[in-house]
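Trainee: Before we start, here is the structure in question, set down as structure tokens.
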Amino acid sequence: MLRKIDPARTRNYSMVLREIFADPGRSRKEIADAIGISAASVTSIAANLLSNSLIVEAAPVAAGQGRPRVPLAVDTESQLVMGIHLGPRVTGVVLTGLDGVAKASVLVPHSGLDAQSSFALVIEQANKLIAEHGKGRTILGTGVATGGIVDRINGRIVENQGAGWSEVPAVQMLAQLPQPLVLDNNARAAAQSELFYGHGARVEDFLLMVITSDLGAVIVSNGQIRAGWSQHAGNISHLTVSDSGVACECGRSGCLQVMATDESTVRRAHEAGRLDVADYGDIDRMYDAGDEQIRSLVAERDGFVARAAATLFDLLDPGLLVIAGTPAERPETLAHVQSVVSESTYQGAIAGSRVVYSSDHELSLSIFAASIMVNEVLADPLSFMQSAEEQHQDK
């Protein structure tokens with residue numbers, strides 16, 4: 001890592017790399033015109049980014065009578081980032097390029113283990129993944145995401161009810177993973193990924209809901225993720241979505257927490273007599289096999305999610321409401337969710353039409369986590385470059 005960097009220099013590097021990341025294929029001059037710094041500065045910065053394998057050049061393109069323009073893009077192969085989703089029973093680990101595309105991944109079961117034992121398994125499997133698939137490439141750092149309440153500043157899991165973790169110094173306990181390591185909440189990681197690779201590329205104002213074993217929501221306004229004054233924004237677990245009388249630990253009943261998580265769907269399957277369902281993976285398999293009872297349970301779960309979405313629409317009026325997680329893995333159910341939102345919200349069909357599923361992909365929770373580290377690289381490229389480059393003075 002480098003010594004303290006001049007803020008103006010850091011800002012210029014960040015602006016150049018962000019422009020290349022957001023709109024690949026432009027030349028140095030086009031980038032200079034877009035961000036308002038000199039072409040000479042962009043040329044110098046691009047040279048350093050190239051030598052540090054953060055960007056690549058494409059073949060020159062003829063440009064009339066002048067010199068050919070050389071398109072630039074982010075280097076997605078030379079260096080990697082690691083993403084880790086700390087789930088309550090299974091943790092996903094992934095290696096991606098800066099484009100968010102997975103190179104290799106692994107799932108680490110740790111059901112019934114405490115945080116220390118769970119993290120030891122994660123570290124072991126993560127380092128094995130690097131050894132087998134890193135191919136000698138630098139791992140720029142590790143993004144870690146988990147559900148519940150997270151103190152990003154101090155690197156602590158304040159509370160993850162699903163996993164039974166409380167006041168866990170996660171960053172300290174995961175110190176054997178590639179550094180730097182940044183911890184954040186699932187929903188904020190998902191929103192960051194959506195900004196980079198999904199709907200956020202065209203809409204900068206949206207609300208994102210994460211529905212898995214954990215629940216959360218994030219407001220994104222003008223491309224900025226709002227964490228809240230005490231980092232607790234987005235706690236949607238106790239929105240009332242049913243009058244069924246199912247008790248919640250908060251003292252109320254019919255909360256999203258007890259009606260729409262993966263585990264609550266398994267519980268409802270058991271209550272319906274389906275003792276052949278051990279976990280949500282069984283729900284998935286039986287749904288795909290055409291089991292009508294299981295499909296009905298999943299539709300009910302999607303209805304609870306939609307009612308929560310309708311409440312958030314009436315409160316916040318987002319440009320889009322993006323649903324990430326288990327429901328989004330079945331795109332054919334989107335029409336049902338949109339219909340329930342339309343019926344349940346004051347805005348009606350207008351709101352329903354603005355509900356979308358996350359545009360991410362398999363192992364998305366781990367990829368969401370990786371996007372935390374991609375954001376760190378884009379925000380301060382100099383911190384991820386070789387110290388020899390410090391000799392260059394870019395104005």
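The values are calculated or read from the model by the stated rules, or taken from the named source; none is laboratory data. This one's a predicted model, so the numbers in the text were calculated from it and none came from an experiment. As a convention, Cβ positions derive from the backbone with ideal geometry for all residues, glycine included, and neighbour counts pool all protein chains shown. Only protein heavy atoms, including side chains, enter the accessible area calculation; ligands, DNA and RNA are left aside. Shrake-Rupley method; radii C 1.70, N 1.55, O 1.52, S 1.80 Å.
Trainee: Can you bin the range 265-389 into rounded, prolate or oblate? Criterion: square roots of the alpha carbon gyration tensor eigenvalues sorted a ≥ b ≥ c, rounded for a/c under 1.5, prolate for a/b above b/c, oblate for the rest.
Mentor: Because a/c hits 1.5 or more and a/b fails to exceed b/c, the range 265-389 counts as oblate.
Trainee: Here is a follow-up. Whose amide H sits under 5 Å from the amide H of Ala104, counting only residues 5 or more places off or on another chain, with H placed in the peptide plane?
Mentor: Amide H neighbours of Ala104, under 5 Å, 5+ apart: Leu95.
Trainee: FRET efficiency for Asn222 and Asp284, Cβ-Cβ distance as r, R0 = 41 Å, nearest 0.05?
Mentor: Efficiency for this residue pair is about 0.65.
Trainee: What whole-number value in cubic angstrom gives the convex hull volume per residue for the C-alpha atoms of the chain?
Mentor: Expressed per residue, the convex hull around the Cα atoms of the chain is 164 Å³.
Trainee: I've got another one for you. In the chain, which longest range has no chymotrypsin sites (Phe, Trp or Tyr not before Pro) that are both DSSP loop (not H, G, I, E or B) and surrounded by at most 14 other Cβ atoms within 10 Å?
Mentor: In the chain, the maximal stretch lacking such sites is 1-228.
Trainee: Give, in nm to one decimal, the length gained when the segment between Glu204 and Leu107 is fully stretched (0.36 nm per residue of separation minus the Cα-Cα distance).
Mentor: Full extension from Glu204 to Leu107 adds 31.7 nm.
Trainee: On to the next question. How far is helix 262-271 tilted, in degrees, relative to the longest principal axis of the Cα atoms in the chain, given as a value from 0 to 90 rounded to the nearest 10?
Mentor: 20
Trainee: Additional query: Testing the spin-label approximation: label points 7 Å from Cα along Cα→Cβ at His270 and Cys250. State their distance in nm.
Mentor: So the two model labels end up 2.3 nm from each other.
Trainee: Summing -39500 (n - 2.57) over the DSSP H runs of n ≥ 4 in the chain and dividing by its residue number, what mean residue ellipticity at 222 nm do you reach, to the nearest 500 deg cm²/dmol?
Mentor: Mean residue ellipticity, 222 nm, calculated: -12000 deg cm²/dmol.
Trainee: Also, I was wondering about something else. Normalised by the number of residues in the chain, what is the relative contact order in percent for Cα pairs under 8 Å and 6+ residues apart?
Mentor: Answer for the chain is 18 percent.
Trainee: In nanometres, what is the gap between the two model label sites at Ala22 and Glu77, each 7 Å from Cα along Cα-to-Cβ?
Mentor: My value for the distance between the label points is 2.8 nm.
Trainee: On C-alpha positions alone, give me the angle between the axis of helix 334-344 and the longest principal axis of the chain, in degrees, nearest 10.
Mentor: Tilt relative to the chain: about 70 degrees.
Trainee: Now for a different question. Given the C-alpha atoms of the range 10-154, compute the convex hull and give its volume per residue in Å³.
Mentor: About 133 Å³ per residue, rounded to a whole number.
Trainee: Calculate the length of the line joining the C-alpha centroid of the range 45-105 to that of the range 279-358, in whole Å.
Mentor: Here the two parts' Cα centres lie 34 Å apart.
Trainee: While we're on this one: Take the solvent-accessible surface of the protein heavy atoms, probe 1.4 Å, and return the percent of it on the chain that carbon and sulfur atoms account for.
Mentor: 51
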